[in-house]
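Visitor: Here it is, the structure, as structure tokens.
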Amino acid sequence: MATKIGVYFDQSSIGGGLDLESLADTVGGKWGDLTPVCKVFPVLADKKARDEIAADIEEEGLDGVLLCGASPRVDWDLYDFDGVLVDRVNLREQGVMSYKNPDGSLADPEAAPALLELLVTDYVNMGVVRLQKTTAPDGSPSEGVRRILVLGGGWTGLTAAVNGSLAGHEVVLVEKDEALGGRALGLLKTVPLSHPYTDVHDTGIEKKIAAVQADDNITVYTKAKLAKLSGQPGDFTATIALASGEQEVKVGAVVLATGWQPQDTKVLEPFGYGSLQNVVTAAEFEKMAKTGTITARRVAFILNTSLAEPADPYAELCAPEAPAEAPAPAEGEAAAPAVKDHESVRHLPISNAISSVVALKQAGYVCDAFDGGQAFILYDSMVVQGIHERFYKAAQDRLGVMMSKAEIRSITQAADGSLNVLCDNTLIGDDIEINVDMVVLPTGIVPATAKDPIVNFDYRQGPAFPDLELFEGYADSNYICFPYETRRTGVYAAGCVRQPMMLDAAEEDAVGATMKAIQCIESANKGVAVHPRSGDLSYPLFNFVRCTQCKRCTEECPFGALDDDEKGTPKPNPARCRRCGTCMGACPERVISFANYNIDQIGSMIREINVPPDMKKGGPRVIILACENDAYPALDMAALRGKHWSPYVRIIPVRCLGSVNAIWVADAMSKGIDGVMMLGCKYGDDYQCHFVKGSEICKRRKENIAETLNRLGVEPDRVEQYEVAIDEYDKLPGVIEDFMNMILEKGPNPFKGY
Amino acid sequence: MSNSILVVGGGFSGLTAAIEAAEVGYEVYIVEKTPFLGGRVAQLNKYFPKLCPPSCGLEIQFQRIKKNPRIKFFTQAEVTAVSGDAGNYTVKVHIEPRGTVPSSADLSLLASSLESDVDNEFELGLAKRKPLYMSVPFAFPSRFVLDKAALSRADELKVGKSAFCDMNEAPRDIELNVGSIVVATGWKPYDVTKLSNLGAGAFANCVSNMQLERLASASGPTAGQIKRPSDGKAPKKVAFVQCAGSRDQNHLNYCSYICCMASLKQALYVREQYPDAEVTVYYIDLRTPGRYDKFLRKVKADEKIALVKGKVAGVEEDAATGDVIVEVEDAVKGEKRKHRYDLVVLATGMQPSLAGQKLPFDVPVDEEGFIVGGEEKGIFAAGCAQKPLDVMRTAQSGTSAALKAIQTVRGR
């Protein structure tokens, strides 16, 4: 709680003909002892000004500094006053720059209109009260276990284990089979993994196994599975099921590298798999190569799998989304959510890139095995991405390898047992029949998590990763920029359990996931948040006295951070928490708060807005609750691009729309605010919400708010949520304009003046 | 000995490597040659397959930098010399003057009052800029840059009077002591003028895929309206020519990884803006690996987008109309024909930024300019300095390089 706040104005960035000295007097007069210093600097960024602030802190014993000028997004590096709470008030971008008169005309730059003065006064008062209701957060360090658990002892898991150890961490490796090595053990050769990327070579898996076995820092459990993972990053308890019974191990973070299994061959039946002889899968063909039992001299590798696919394999995805979370069990019932099987025909096309390079590799096996051996690769597209093109080129140059785009019409067995592959739309025409000894069909890569929860989270929200249906069962991330971030903090997936990938990518992926695991451990030990609010010391505080065990917070947390006891009282796990505040937004009893972000704080800011009793005279007032991640920067950008918006709106940044509590809207309405706009990220399958579910949850809550308003006789459309991407800055002012016109047409909030 | 890490390049892989390492507790320096962080992705309108804006992820990265005192970055900076060994490198960095004082003062009025106009490198030749500029959307750092050489005499007088500009700021040379180096120097669009048969650089309405990103971006020269550069008309027929430079031994002897997905994405940009427009994509192979397959099917389902396996033999301009005539051989039908388009987009490949450059450190580089070693020296390539990758793979690569760097400097 800041109790002595210095308020400083930056003349150079505000301008707009505002009389800042008089504004400083007004603010100082209103807040009295709370703001012993209110000053205007010609240039706040100047070293002189900063020295003077430092002197004020010393002399006046300030514990808070409020800087009024440009957006907090700029000049962040200049204002660090040790041990003092520093906050900013955006009077430039979201004040002077974006101001326009109610009639649409722009303000006289030499003399600020009264409405602009009201606007900036409100913002400064809101800033003062925000700082007053802010406490410096202190962090919540967890136990401090630095050990990494690696699940899976294949190529990826072994790489992760070695790299964790190299970084100075103890590693526990859990492998379900008797031997280490996983699927790489079954490969005769790998597609090239390094420069010059032209020739197949040994995988080198044996070296990886030996390195793990020789490392004293790594404990290996084989024929083992993770039965349960409970606790939180920096303080997990992993229950490992061994042949000899269960064993508990404390770990700080987890790398999930449980790989994949071949897709059910049933999808390959249209190609004659299971009914024709010598129609095999790529996985089976690799085994023949490994054991030296290839007898076929002419082999067709089929990559165009459209014959086995429905016209649109993704069609059912267009159906309305089923509720993402498993329904909560009834009171007293044990949670036993059924695990969905995510395997489908889609795993065939999704494995296209692997199938393509594997076909190139295996075509080489045929030519290697026999003089005059012939391999036909029949594709729709050769998906040989990036640098691996060089391998493709090298294969094209090989005698005996023929490739063509082709649609497979049928495969039939001839009397002599050979197979006839009938193709259309090839590069040499239609009705082409190729006679071969063997047909090799691609092996779809089905991630381990498509079939089994694997990690077996002992979490209130169930044992598996949520959202897997979005990723076809892969333990993948929805983010493009942050490929390791999922909804379960401290568990990082790598290798083919995350996406279909080759050994080179899996190797890199394993190192990356280990990096994230180590970072999560360090963060948990320091008590700070991980992505996206990395380093944030604040965490949700619970005032349990008022908790009614309604379970909203435990159910809505996008990250499953909250468990609960038998009565339903939430049990916080701060190291799992991403600090979005969705729990705070969920709680009808104001139980949850952050030291520097809470219900009272935002509520108080809303109360600082001066609402004219007569809308006709003073104009309406509308609050914009803007997601600080995307909507807030978009508003800044709009202003910088010369856009303007209504002088009647007041923008309040929020951590995420998920943190918006209905109480704020109720407070605003009862205060006579005429409308509330909520600007947040896109939701749906391609959601952009930084906290995954925040904006979507807000939308659901908004429906309830609307109902309540309706009952009270307030038009529900006075509260509206908008999906705003960060680059929609040019559209935003129009969105605000439309909402304001709607409010002006509707007239005042019926509660105004009560 | 030093446990600090140097990251060369402030694009997506460099930012990722730097931030991930710093959040574990290591001191990191980023050296970026342009005036702003963000690199190549800052020029993109949307990412495939989600069609989400790159500035969203960059904003997160910048927030992480703001909150982390262990990250120091230098813009307009280049590494000039490196000496020493793993664990103990001395790095010389040359820093060009920004010409403005450290403050976010809004210089846009002053900037627009200047008379000189120069090519805006960020807009890839599609727009001009002033010699005082902040041309990147959501620019970070959000401070103007003074291009002193481009000022006219009158401009110099104006700028000289501003308290926020510094005409006399001198370049600086600094020395950093680091234990490990991450090279994340990224890529540049292949010089399309080398593809003389494809008309790029010569015909106004034959643009590169990166130029189309700028034309589609809200922050770009047309505020996001895709228009023909020659006359500003809305294109009704658009062709994409895949592998412009890529998969060609005479140009780039590899596949550039992103161009198929990029063109499919851009086909959707066009279709979204112009419901009547027709798009044809001429390709050798459609490379949409993994879950990108779903994106391909979505594009295929659009009846006004044709995907044709075919080789483009040549491109001509109809000087009277500005239309572009594309001669193409349909590989399946086996027929060679000429088609007229309003706009042609060349799916230009990516070339490593280091191609043809002399490196300040001794690491092996392949014939194309990709870094293919250096690990034993504590020097790690990340992202497209190493091989062509998309953004997701780049982030993965940067994260991985961060741990490798940490392993090198740990305990020093």
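The values are calculated or read from the model by the stated rules, or taken from the named source; none is laboratory data. This one's a predicted model, so the numbers in the text were calculated from it and none came from an experiment. Neighbour counts are summed over all protein chains in view; Cβ atoms, including those assigned to glycine, are modelled from backbone coordinates with ideal geometry.
Visitor: Within region A:715-737, can you find the residues that are more than 14 Å from chain B (Cβ to nearest Cβ), out of contact with any Ser or Thr (no Cβ under 9 Å at 6 or more places or on another chain) and not in a helix (DSSP H, G or I)?
Guide: Residues satisfying the conditions are A:GLU715, A:VAL719, A:GLU720, A:TYR722.
Visitor: In region B:369-393, how many residues are facing chain A (nearest Cβ under 9 Å) and under 20 Å from the mean Cα position of the chain (by Cα)? Let's see the steps before the verdict.
Guide: Narrowing region B:369-393 to residues facing chain A (nearest Cβ under 9 Å): B:370, B:372-373, B:386-393.
Within this subset, residues satisfying the condition of being under 20 Å from the mean Cα position of the chain (by Cα) are B:370, B:386-393.
The total comes to 9.
Visitor: What do you reckon, is B:LEU307 away from every other protein chain (no Cβ under 14 Å) and at pLDDT 95 or above?
Guide: no
Visitor: Looking at this structure, is A:GLY512 in contact with a helix residue (DSSP H, G or I) (Cβ under 8 Å, 6 or more places away or on another chain) and crowded, with 22+ Cβ neighbours inside 10 Å?
Guide: Details: in contact with a helix residue (DSSP H, G or I) (Cβ under 8 Å, 6 or more places away or on another chain): yes; crowded, with 22+ Cβ neighbours inside 10 Å: yes.
Answer is yes for this residue.
Visitor: Just checking, which of B:CYS206, B:CYS165, B:CYS260, B:CYS243 is in contact (Cβ under 8 Å) with a residue 12 or more places away in the chain, in contact with a strand residue (DSSP E or B) (Cβ under 9 Å, 6 or more places away or on another chain), surrounded by 19 or more Cβ atoms within 10 Å (Cβ to Cβ) and under 30 Å from B:ALA105 (Cβ atoms)?
Guide: Numbers: B:CYS206 fails: under 30 Å from B:ALA105 (Cβ atoms); B:CYS260 fails: under 30 Å from B:ALA105 (Cβ atoms); B:CYS243 fails: under 30 Å from B:ALA105 (Cβ atoms).
Result: B:CYS165 is the single residue among B:CYS206, B:CYS165, B:CYS260, B:CYS243 that is in contact (Cβ under 8 Å) with a residue 12 or more places away in the chain, in contact with a strand residue (DSSP E or B) (Cβ under 9 Å, 6 or more places away or on another chain), surrounded by 19 or more Cβ atoms within 10 Å (Cβ to Cβ) and under 30 Å from B:ALA105 (Cβ atoms).
Visitor: Taking region A:441-480, which residues are within 14 Å of chain B (Cβ to nearest Cβ), surrounded by fewer than 24 Cβ atoms within 10 Å (Cβ to Cβ) and touching a Phe, Trp or Tyr at 6+ places or on another chain (Cβ under 6 Å)?
Guide: The answer is A:ILE480, and nothing else.
Visitor: When you scan region A:108-130, do you find a residue that is within 14 Å of chain B (Cβ to nearest Cβ), surrounded by fewer than 20 Cβ atoms within 10 Å (Cβ to Cβ), under 30 Å from A:LYS616 (Cα atoms) and out of contact with any Leu (no Cβ under 8 Å at 6 or more places or on another chain), even just one? Break it down into steps so the answer makes sense when it comes.
Guide: So the first thing to find is which residues in region A:108-130 are within 14 Å of chain B (Cβ to nearest Cβ), and the list is A:109.
In the following step, the residues that additionally are surrounded by fewer than 20 Cβ atoms within 10 Å (Cβ to Cβ) were identified as A:109.
Okay, now just the ones that are also under 30 Å from A:LYS616 (Cα atoms), so A:109.
This time we only want the ones that are out of contact with any Leu (no Cβ under 8 Å at 6 or more places or on another chain), so: A:109.
Yes, region A:108-130 has at least one match.
Visitor: Quickly run through region A:70-87 and pick out the residues that are within 11 Å of chain B (Cβ to nearest Cβ) and over 17 Å from A:ASP51 (Cβ atoms).
Guide: Matches in region A:70-87: A:ALA70, A:SER71, A:PRO72, A:ARG73, A:VAL74, A:TRP76.
Visitor: Residues in region B:113-136: is at least one at pLDDT below 95, among the acidic types (Asp, Glu), in a loop (DSSP other than H, G, I, E, B) and touching a helix residue (DSSP H, G or I) at 6+ places or on another chain (Cβ under 9 Å)?
Guide: Scanning region B:113-136 turns up no residue that is at pLDDT below 95, among the acidic types (Asp, Glu), in a loop (DSSP other than H, G, I, E, B) and touching a helix residue (DSSP H, G or I) at 6+ places or on another chain (Cβ under 9 Å).
Visitor: Consider only pairs whose beta carbons are under 6 Å apart and that are at least six residues apart or on different chains; among these, list those whose first residue lies in region A:76-97 and is crowded, with 24+ Cβ neighbours inside 10 Å and whose second residue is at pLDDT 95 or above and among the acidic types (Asp, Glu).
Guide: Sorted first by the residue in region A:76-97, then by its partner, the pairs are A:GLU93/A:ASP636.
Okay, residues lined up against (1) under 32 Å from the mean Cα position of the chain (by Cα); (2) within 14 Å of chain B (Cβ to nearest Cβ); (3) at pLDDT 95 or above:
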position	(1), (2), (3)
A:ALA160	yes, yes, yes
A:HIS169	yes, yes, yes
A:ARG183	yes, no, yes
A:LEU187	no, no, yes
A:HIS201	no, no, yes
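Visitor: Then there is this: Determine if region A:48-65 includes at least one residue that is within 14 Å of another protein chain (Cβ to nearest Cβ), under 37 Å from the mean Cα position of the chain (by Cα) and either within 28 Å of B:ASN68 (Cα to Cα) or without any contact (Cβ under 8 Å) to a residue 24 or more places away in the chain (or both).
Guide: Residues of region A:48-65 that are within 14 Å of another protein chain (Cβ to nearest Cβ), as a first pass: A:48-50.
Next, from what is left, pick out any that are under 37 Å from the mean Cα position of the chain (by Cα): none.
There is no residue in region A:48-65 that is within 14 Å of another protein chain (Cβ to nearest Cβ), under 37 Å from the mean Cα position of the chain (by Cα) and either within 28 Å of B:ASN68 (Cα to Cα) or without any contact (Cβ under 8 Å) to a residue 24 or more places away in the chain (or both).
Results for (1) within 14 Å of chain A (Cβ to nearest Cβ); (2) over 22 Å from B:GLU123 (Cα atoms); (3) not in a loop (DSSP other than H, G, I, E, B); (4) not polar (S, T, N, Q), shown as yes or no for each residue.
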| position | (1), (2), (3), (4) |
| --- | --- |
| B:SER2 | no, yes, no, no |
| B:ALA17 | yes, yes, yes, yes |
| B:GLU20 | yes, yes, yes, yes |
| B:PRO35 | no, no, no, yes |
| B:GLN61 | yes, yes, yes, no |
| B:ARG64 | yes, yes, yes, yes |
| B:VAL93 | no, yes, yes, yes |
| B:SER104 | yes, yes, no, no |
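Visitor: Taking the conditions exactly as written (buried (at least 20 other Cβ atoms within 10 Å of the Cβ) and modelled with pLDDT of 95 or more), does A:VAL7 satisfy them or not?
Guide: Details: buried (at least 20 other Cβ atoms within 10 Å of the Cβ): yes; modelled with pLDDT of 95 or more: yes.
Spelling it out, A:VAL7 is indeed buried (at least 20 other Cβ atoms within 10 Å of the Cβ) and modelled with pLDDT of 95 or more.
Matching residues to (1) at pLDDT 95 or above; (2) touching a helix residue (DSSP H, G or I) at 6+ places or on another chain (Cβ under 8 Å); (3) surrounded by 20 or more Cβ atoms within 10 Å (Cβ to Cβ):
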{"position": "A:ILE592", "(1), (2), (3)": "yes, yes, yes"}
{"position": "A:LYS617", "(1), (2), (3)": "no, no, no"}
{"position": "A:ILE624", "(1), (2), (3)": "yes, yes, yes"}
{"position": "A:ALA634", "(1), (2), (3)": "yes, yes, yes"}
{"position": "A:ARG650", "(1), (2), (3)": "yes, yes, yes"}
{"position": "A:CYS656", "(1), (2), (3)": "yes, yes, yes"}
{"position": "A:TYR687", "(1), (2), (3)": "no, yes, yes"}
{"position": "A:PHE691", "(1), (2), (3)": "yes, yes, yes"}
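Visitor: Residues B:ARG291, B:ARG247: which one is assigned to a helix (DSSP H, G or I), within 12 Å of chain A (Cβ to nearest Cβ) and within 30 Å of B:GLU368 (Cβ to Cβ)?
Guide: Details: B:ARG247 fails: assigned to a helix (DSSP H, G or I).
After applying the criteria, what remains is B:ARG291.
Visitor: Further question: What do you reckon, is B:VAL365 β-branched (Val, Ile, Thr), surrounded by 19 or more Cβ atoms within 10 Å (Cβ to Cβ) and closer than 19 Å to B:CYS206 by Cβ? Don't jump to the end; show me each part of the working.
Guide: Numbers: β-branched (Val, Ile, Thr): yes; surrounded by 19 or more Cβ atoms within 10 Å (Cβ to Cβ): yes; closer than 19 Å to B:CYS206 by Cβ: no.
In short, no.
Visitor: Return yes or no: is A:PRO748 in a loop (DSSP other than H, G, I, E, B) and in contact (Cβ under 8 Å) with a residue 40 or more places away in the chain? Break it down into steps so the answer makes sense when it comes.
Guide: On the way: in a loop (DSSP other than H, G, I, E, B): yes; in contact (Cβ under 8 Å) with a residue 40 or more places away in the chain: yes.
It is true that A:PRO748 is in a loop (DSSP other than H, G, I, E, B) and in contact (Cβ under 8 Å) with a residue 40 or more places away in the chain.
To keep it simple, each residue is scored yes or no on (1) without any contact (Cβ under 8 Å) to a residue 40 or more places away in the chain; (2) over 19 Å from A:SER381 (Cβ atoms).
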position: B:LYS237; (1), (2): no, yes
position: B:CYS255; (1), (2): no, no
position: B:PHE295; (1), (2): no, no
position: B:GLU303; (1), (2): yes, yes
